[in-house]
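Engineer: Shown below is the structure under consideration.
The values are calculated or read from the model by the stated rules, or taken from the named source; none is laboratory data. If you're wondering where the values come from, they're calculated on a predicted model, not measured in any experiment. Cβ atoms come from the backbone with ideal geometry, glycine included; neighbour counts cover every protein chain shown. The area values use the complete protein model at the heavy-atom level, side chains included, leaving out ligands, DNA and RNA. Shrake-Rupley method; radii C 1.70, N 1.55, O 1.52, S 1.80 Å.
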Amino acid sequence: MKTRVINVAATAALAAAGLAACAPDAWQNYKASGFNEYLNVVQTECQPLWIGDMYLTTFDASAVPSQPGRFDSLLDMTSKLYYNRSSPSDFRLAIQSLVLSPDDPRTNRSIDCMIAKLPADRPRTPGGPVR
């Protein structure tokens, strides 16, 4: 019984640490209206949007059911970029780490477009002040 309690506590601690590392809107997306607007611009103006072998017509996990982990990572990295927690060059390297061929021209064109569509006055937190 004591081992089970320790395992449950350890699992809860790991989960809490993992959630703390997520982008600021990962669990409170209802506050992320600016980020959601940015994603809408990207999915409209950056087509065809390719990240490796993921073709994204929308930023919805159901659009790439065979890639849930990679899609979640893409969304988290994009959120960090939007909220100034990642530089464009760090974002590029992180996205390229998701794909088999970092020199893929489709992926690089999509990354370029995503960076180009960033608003100049993006906030640091969902619903937070613009800085």
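Engineer: Cβ-Cβ distance below 8 Å, separation of 6 or more or different chains: which pairs start in region 106-120 with a residue that is closer than 19 Å to ASN36 by Cβ and end on one that is open to solvent by 80 Å² or more (accessible area, probe 1.4 Å)?
Structural biologist: Within 8 Å, the pairs are CYS113/GLU45; LYS117/GLU45.
Engineer: Anything in region 80-114 that is part of a helix (DSSP H, G or I) and farther than 18 Å from MET54 by Cα? List them, or say none.
Structural biologist: LYS80, LEU81, TYR82, PRO88, SER89, ASP90 - these are the residues of region 80-114 that are part of a helix (DSSP H, G or I) and farther than 18 Å from MET54 by Cα.
Engineer: Let me confirm something: among ASP112, ASP104, which residue is of a type in the set (Asp, Glu) and open to solvent by 40 Å² or more (accessible area, probe 1.4 Å)?
Structural biologist: Sole residue among the options that is of a type in the set (Asp, Glu) and open to solvent by 40 Å² or more (accessible area, probe 1.4 Å): ASP112.
Engineer: Within region 39-62, restricting attention to residues that are in a loop (DSSP other than H, G, I, E, B) and of a type in the set (A, V, I, L, M, F, W, C), which residue is farthest from THR107 (Cα to Cα)?
Structural biologist: Among them, the one singled out is PHE59.
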